[in-house]
Amino acid sequence: MKAFSYEKMTDPAKAAARAAEVEGAKFLAGGTNLLDLMKLEIEAPVHIIDVNGLGLDEITETEDGGLRIGTLVSNTALSADARIRREYPLLTRAIAAGASGQLRNKATTGGNLLQRTRCPYFYDPDQPCNKRKPGSGCAALSKGAFSRQLGIIGTSDACIATHPSDMAVAMRALDATVETVTPTGMTRRIALEDLHVLPGDTPDKETSLLPGELITAVTLPAPVGGAQKYHKVRDRASYAFALVSVALIRQPDGSGRVALGGVAPKPWRSLEADAELPNGARAVMTKLLNGARPTEENAFKITLAERTLAAMLAEE
Amino acid sequence: MEFNQPAGNNLFDNARVVGKPLNRIDGPLKVTGTAPYAYERHDVVANQLYGYPVGSAISHGRIVSMETEAAKASPGVRAVVTTLDIEPLGIWNYNVARLFGGDKVEHYHQAIAVVVADTFEQARAAAALIETEYEEGEPADFDLDAAFERVEGSGEPGTLVGDVEGAFRSAAAVVDQKYRTPSQTHAMMEPHAAIVDWSDGGEMTVWTSNQMIEWNRQSLATNFDIDPDTIRVESPYIGGGFGGKLWLRADEVLAAIGSRAAKAPVKLALPRPFMMNNTTHRSATVQRIRLAAGADGKLTGIWHEAASHSLPGGRGENATAQTPFFYAAPNRRVQHHIIEMSLPEASDMRAPGEASGLMALEVAMDEMAEALEMDPVEFRILNDTQVNPSDPDQPFSERHFVECLKRGAEAFGWNDRNRTPAGKREGQWLIGHGMAGAYRGAPTLNSGARVRLSGGKLIVETDMTDIGTGSYTILAQTAAEVMGLTVEDVDMRLGNSAYPVSSGSGGQFGAASSTAGVYAACLALREKIAERLKVEDPEFRDGRVIAGDSDTALADLDGEIVAEDTMKFGDFKKGYKLATFGAHFVEVAVHRGSGEIRVRRMVAVADSGRILNPITARSQVIGGMTMGVGAALSEEMALDTGRGMFANHDLAGYEVAVHADIPEQEVIFLDTVDEISSPLKAKGVGELGLCGVAAAVANAVYNATGVRVRDYPVTLDKIIDRMPAV
């Protein structure tokens, strides 16, 4: 870990301005991912801005009948909230499928969205990685590499890492929007779909946030009802990242929404695929995973996603 | 004392303390966090500095240069020593990887430098500043499958009995399949860690976490070419070892080098990623197994050929270890090939050999039972043997494998199972049942102890270790039994090179061997007491020495009476084959869509001689069963065959079973004793509990889905293509 300076701030706009002003600054909330990365020097911020004193830890109702989730609401509090459990059970199920109780107690809503990939090569400073060290190459794409966990779609020749969040997959299916404050004090609304960007030639750039821009909340539109399910597929029963996860909202008329985790650099969903839901799992995945470029080791994820959705549809 | 004839009737046959379900006496220390583990021994020596290692970023080649100026100038740094600064260290018995010194790189994350600083954070930060220039070696081959194909059939078999090829020509049924097991890491909670004080380059004191105190001391002496008598080693508590801490590793070596350079004590723990690529691991295996049987279900031929990887001169993982001995068959050919690879050192991990071998052999047995249309339990019973089938003049000392199978089948409800693959579904889950046999050798090693009696209290000193197995408890029970005391009267002192050399912990030899050593020392003490009291053959009970009219409380004996002895196991054992046996029964559920596999129920039966403490023994077996579930379903060190390194090098990427993976586990111990094994008629159980578990799971997955997987771990990607559509 490299030495860094530290300050605690209490005003969101000032925190954003400060972060933009100091090059190499980083926000610290729950720290469940950032501190691990700092110990390995994968992240090496020169300045830490502790945002735990900003407030922003409440869930409130919005004018259009939805909910605004403060960025510092813990994963535990969010998944246990009575309104979330009742009206957005998909979100509760997805959060409860992630990490462990201890981590969920510390992890925050904004931090969860900004957590970084768990690609093993990203985590090994002795290996090339375009995300960690731009231009050094992608070890995961070299001959003989271990890529079973990695992405099959939305990836590039520079990077095949996935976004590891479960919470974000549910939020994507729920059409969530991210609220931010910019360094100039402006409020910005970003559809969750547009928060994470695909790697292309610059896998080190992972979001559309401006330098210093701070996530202040995530808003959920009015409840959409339907049966809401989250199936996280993994080799062991707990404490593992998804091989594939499937978020499903299904209305009584057979229409609905599907989002996937564990397959792409962001939660993966398309309206064209959603429209195929009445035609079954294969029809959905044909659209949703159209253009997939898996490795030999992770091609099974295509079959897995389809079979998992098929079983979820058959359950009802 | 020599153990050179069957034990015969002795005091353990009417035991008051041995064999009783005593809670582990070190339990309160463990659960209150007060047991002193190596890295937290802040009080043993003042002014401890912190060491941090640097590992090689290439798998093989040469180090051209190392730039250390920035590290040396970094805040708090007291010393930086690189592998280029010193001559290659020596290598002691059993090991082949050079731990430090010289410019040659043999494997990824081989230790190449140590940084010593005032704080851990300073040492770690400075270590990251060292820049190394490498000259990579020629491209190397890390493909074990291809290597197996090259060597298959070559060389001399380890076991060759009868006419194997003839047996296959005339067989009514044949199984001929290839099986694969991946490299595995011990993944114990506590990493390798040590505090070493070698400040003046003279006497060396080591506080560490190691299973084998004397091996550790000898290995340090050889590495540094110093007199072993100048080295003191302490390792009273060990946070898991599983064979990974049988050896001296880089933690102690770097702490010693750092201490000598900084002229102060240095503590160093290997970071978790080092556990996978710096220390030892269980090698992957490729195994071809051919079984031949007659129409009557009797095996006529067993042909097992396997390969594993190793650095030059190493032992790899001999997956054929059980095959010469487990099942009857008149014709047999068994061979293990060791393939040299520039990978981290392959060495022992819990049940080395048998754990991997039974993962394959017990699936092959399931396949043969199916080919013969026989029940897998009945098929195994039919092929039992009471003599070593590779040397029929040698009987097993005790072998109750058939009883294991019968008791397990009954407890599990085996006969009520669905026998048609993919024939049972509950909601989204396909339900399957499987079983496997278990075999593991039962070695003993010479073991010594010293006992001190004073005021009716007994101190027991031996360099035996407790790696979480219960050594403290069973040794206290043994001493209390022999001396007629209570366990509360006994003060156990373990894991210190100041004490007599014991068997140490490994190869499931620890319990049988070290209790025998304590028994020998206690008998020597009894003789001294009898001499002092001038009585013959006194009885020791209730804290008293009783012989005829003489009745003396041990508490009334003046001063301290000290006795020491070593139990030496004699050659008479060679007339027998000693082993432990078991049977595992497993129920799994496989998700019909995703193919996720979850274990729902497990029953194990163990035939391990006298069970010294049913609580600690059960803990050993359920720990083995848990490790077996990991081996079956998730544990794999993912080999990057281009780079020659294990890529998933943390506990998020290397998936051991978690609580949610482990269901109800039932353990049944057969009430057996083995008087050839030891005076306590005991054998090991800690490794037996792992043997065969993974195969039982794989066989259950086959029963649930109709998909046979011969490539561990059995993960969903290997079955979903062949499962029925949803």
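Here are the numbers for the structure shown:
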{"quantity": "Residue within the stretch B:143-152 that is more than 14 Å from chain A (Cβ to nearest Cβ), free of Cβ contacts under 8 Å to residues at least 12 places away in the same chain and outside any strand (DSSP E or B) present", "calculated": "yes"}
{"quantity": "Selection count where residues are in contact with a Leu (Cβ under 8 Å, 6 or more places away or on another chain) and over 14 Å from B:Val588 (Cα atoms), scope the stretch B:692-722", "calculated": "4"}
{"quantity": "The one condition in (1) in contact with a Lys or Arg (Cβ under 6 Å, 6 or more places away or on another chain); (2) buried (at least 24 other Cβ atoms within 10 Å of the Cβ); (3) among the charged types (D, E, K, R) that B:Glu461 fails to fulfil", "calculated": "(2)"}
{"quantity": "Failed criterion for B:Leu680 (all others in (1) part of a loop (DSSP other than H, G, I, E, B); (2) away from chain A (no Cβ under 14 Å); (3) out of contact with any Phe, Trp or Tyr (no Cβ under 6 Å at 6 or more places or on another chain) hold)", "calculated": "(3)"}
{"quantity": "Cβ pairs under 7 Å, 6+ apart, first in the stretch B:271-297 and closer than 30 Å to A:Asp126 by Cβ, second among the basic types (Lys, Arg) and open to solvent by less than 10 Å² (accessible area, probe 1.4 Å)", "calculated": "B:Thr279/B:Arg249"}
{"quantity": "Test: residue in the stretch A:135-146 that is within 14 Å of another protein chain (Cβ to nearest Cβ), out of contact with any strand residue (DSSP E or B) (no Cβ under 9 Å at 6 or more places or on another chain) and small (Gly, Ala, Ser)", "calculated": "no"}
{"quantity": "Residues of the stretch B:699-725 satisfying the condition of being small (Gly, Ala, Ser), more than 14 Å from chain A (Cβ to nearest Cβ) and open to solvent by 10 Å² or more (accessible area, probe 1.4 Å)", "calculated": "B:Gly706"}
{"quantity": "When residues of the stretch A:1-23 are limited to those that are more than 12 Å from chain B (Cβ to nearest Cβ) and touching a Lys or Arg at 6+ places or on another chain (Cβ under 8 Å), the one surrounded by the fewest Cβ atoms within 10 Å (Cβ to Cβ)", "calculated": "A:Glu7"}
{"quantity": "Matching option when the condition is assigned to a helix (DSSP H, G or I), within 30 Å of B:Gln184 (Cβ to Cβ) and touching a Gly at 6+ places or on another chain (Cβ under 9 Å), among B:Ala409, B:Ala369, B:Ala360", "calculated": "B:Ala369"}
{"quantity": "Qualifying residue in the stretch A:180-195 (condition: closer than 30 Å to B:Ala652 by Cα, assigned to a strand (DSSP E or B) and touching a residue at least 12 places away in the same chain (Cβ under 8 Å))", "calculated": "no"}
{"quantity": "Residue check for A:Thr92: modelled with pLDDT of 95 or more, open to solvent by 20 Å² or more (accessible area, probe 1.4 Å) and part of a helix (DSSP H, G or I)", "calculated": "yes"}
{"quantity": "Helices (runs of 4 or more DSSP H) within the stretch B:209-291 that include 2 or more residues touching a His at 6+ places or on another chain (Cβ under 7 Å) and crowded, with 24+ Cβ neighbours inside 10 Å", "calculated": "B:272-277"}
{"quantity": "Residue tally, condition at the interface with chain A (Cβ under 9 Å from one of its Cβ atoms) and either aliphatic (A, V, I, L, M) or crowded, with 24+ Cβ neighbours inside 10 Å (or both), over the stretch B:593-604", "calculated": "5"}
{"quantity": "From B:Val81, B:Val54, residue being open to solvent by 10 Å² or more (accessible area, probe 1.4 Å) and within 14 Å of chain A (Cβ to nearest Cβ)", "calculated": "B:Val54"}
{"quantity": "Of residues in the stretch A:230-245 being open to solvent by 10 Å² or more (accessible area, probe 1.4 Å) and touching a residue at least 24 places away in the same chain (Cβ under 8 Å), the one farthest from the other protein chains (Cβ to nearest Cβ)", "calculated": "A:Tyr230"}
{"quantity": "Qualifying residue in the stretch A:289-299 (condition: under 20 Å from B:Asp721 (Cα atoms), more than 14 Å from chain B (Cβ to nearest Cβ) and either crowded, with 16+ Cβ neighbours inside 10 Å or among the hydrophobic types (A, V, I, L, M, F, W, C) (or both))", "calculated": "yes"}
{"quantity": "Filter result (out of contact with any Phe, Trp or Tyr (no Cβ under 8 Å at 6 or more places or on another chain) and farther than 24 Å from A:Arg118 by Cα) within the stretch A:214-250", "calculated": "A:Thr216, A:Ala217, A:Thr219, A:Pro221, A:Ala222, A:Val224, A:Gly225, A:Gly226, A:Ala227, A:Lys229, A:Ile249, A:Arg250"}
{"quantity": "Residue check, B:Ala660 at pLDDT below 95 and surrounded by fewer than 22 Cβ atoms within 10 Å (Cβ to Cβ)", "calculated": "no"}
{"quantity": "Only listed residue being open to solvent by 10 Å² or more (accessible area, probe 1.4 Å), at pLDDT 95 or above and in a helix (DSSP H, G or I), chosen from B:Ile668, B:Ile615, B:Ile611", "calculated": "B:Ile615"}
{"quantity": "Residue identified as touching a helix residue (DSSP H, G or I) at 6+ places or on another chain (Cβ under 6 Å), away from chain B (no Cβ under 14 Å), hydroxyl-bearing (Ser, Thr, Tyr) and farther than 20 Å from A:Thr216 by Cβ among A:Thr92, A:Thr71", "calculated": "A:Thr92"}
{"quantity": "Count - residues of the stretch B:273-305 that are more than 14 Å from chain A (Cβ to nearest Cβ) and over 27 Å from B:Val402 (Cα atoms)", "calculated": "7"}
{"quantity": "Residue that is surrounded by the fewest Cβ atoms within 10 Å (Cβ to Cβ) [pool: residues in the stretch A:129-142 that are touching a Ser or Thr at 6+ places or on another chain (Cβ under 8 Å) and of a type outside the set (A, V, I, L, M, F, W, C)]", "calculated": "A:Pro134"}
{"quantity": "Residues that are under 20 Å from the mean Cα position of the chain (by Cα), of a type outside the set (D, E, K, R), open to solvent by 40 Å² or more (accessible area, probe 1.4 Å) and over 26 Å from B:Ala123 (Cβ atoms), drawn from the stretch A:24-60", "calculated": "A:Phe27, A:Leu56"}
{"quantity": "One residue from B:Glu133, B:Glu156 being in contact with a strand residue (DSSP E or B) (Cβ under 9 Å, 6 or more places away or on another chain), closer than 21 Å to B:Arg98 by Cα, surrounded by fewer than 17 Cβ atoms within 10 Å (Cβ to Cβ) and modelled with pLDDT of 95 or more", "calculated": "B:Glu133"}
{"quantity": "Any hit, the stretch A:262-271, residues being within 14 Å of chain B (Cβ to nearest Cβ), within 17 Å of A:Leu288 (Cβ to Cβ) and either open to solvent by less than 10 Å² (accessible area, probe 1.4 Å) or at pLDDT 95 or above (or both)", "calculated": "yes"}
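Table: residues versus (1) touching a residue at least 60 places away in the same chain (Cβ under 8 Å); (2) buried (at least 24 other Cβ atoms within 10 Å of the Cβ); (3) not basic (Lys, Arg).
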| site | (1), (2), (3) |
| --- | --- |
| B:Asn331 | yes, no, yes |
| B:His336 | yes, yes, yes |
| B:Glu340 | no, no, yes |
| B:Ala346 | yes, yes, yes |
| B:Met349 | yes, yes, yes |
| B:Leu382 | yes, no, yes |
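The values are calculated or read from the model by the stated rules, or taken from the named source; none is laboratory data. Computed from a predicted structure; not experimentally measured. Cβ sites come from the backbone with ideal geometry, for glycine too, and all protein chains shown count toward neighbours. Please note that ligands, DNA and RNA were not included when accessible areas were found on the heavy atoms of the full protein model with its side chains. Shrake-Rupley method; radii C 1.70, N 1.55, O 1.52, S 1.80 Å.
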